[in-house]
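For reference, the structure is listed below as structure tokens.
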């Protein structure tokens, strides 16, 4: 065995080991620097990532805004919480209706037609509301489904339309009501020309016969 040859390779092996360690340190430093830059950009708003609460409005918050816009809308918040035994005043008809629309039926909150379908469910004119999955069944001592249906049925048509308009605007602030169609003003018929007074025939006068003489 040529030991001298082996001893000559030791410096080369050590060089490659040092080079490999240097590469590892360089890669780790680069990754750390990238993470620092990304974190700084996020804090300064450079990535423009809104918080999750801003992306998905909570039904309870939207429900409170419904009552601010429609103070006469039924609260239906007299139900008792199963765990606390106290009246759950924050569990309102508006919040349950929104949760039913979004989570039970999976309908979009920015279109009037979808809200009309939801109200039709409450009126018994569309899909049947299953009480076993209705919002509040699991936290309230009494299932509020039947009471909520009765409350919606007591609303007149104008109140239901106002509710739909408010809900659409809350979920879509850029929404504008459809312009009310106005009938065109009746065109004024052209004025008929004033008839000229007819001149009466001239009666013969004394001396007119002399005009016929040559």
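Since every read-out is calculated from the coordinates, none of them should be taken as a lab result. In this text, all values refer to a predicted model and were calculated from it rather than measured experimentally. Note that each Cβ is placed from the backbone with ideal geometry, even for glycine, and that neighbours are counted across all protein chains shown.
Looking only at segment 85-94, residues that are free of Cβ contacts under 8 Å to residues at least 40 places away in the same chain and touching a helix residue (DSSP H, G or I) at 6+ places or on another chain (Cβ under 9 Å) come to 3 in all. Scanning segment 128-146 for residues that are touching a helix residue (DSSP H, G or I) at 6+ places or on another chain (Cβ under 8 Å) and surrounded by 12 or more Cβ atoms within 10 Å (Cβ to Cβ) gives 129, 131, 133, 134, 135, 136, 137, 143, 144, 145, 146.
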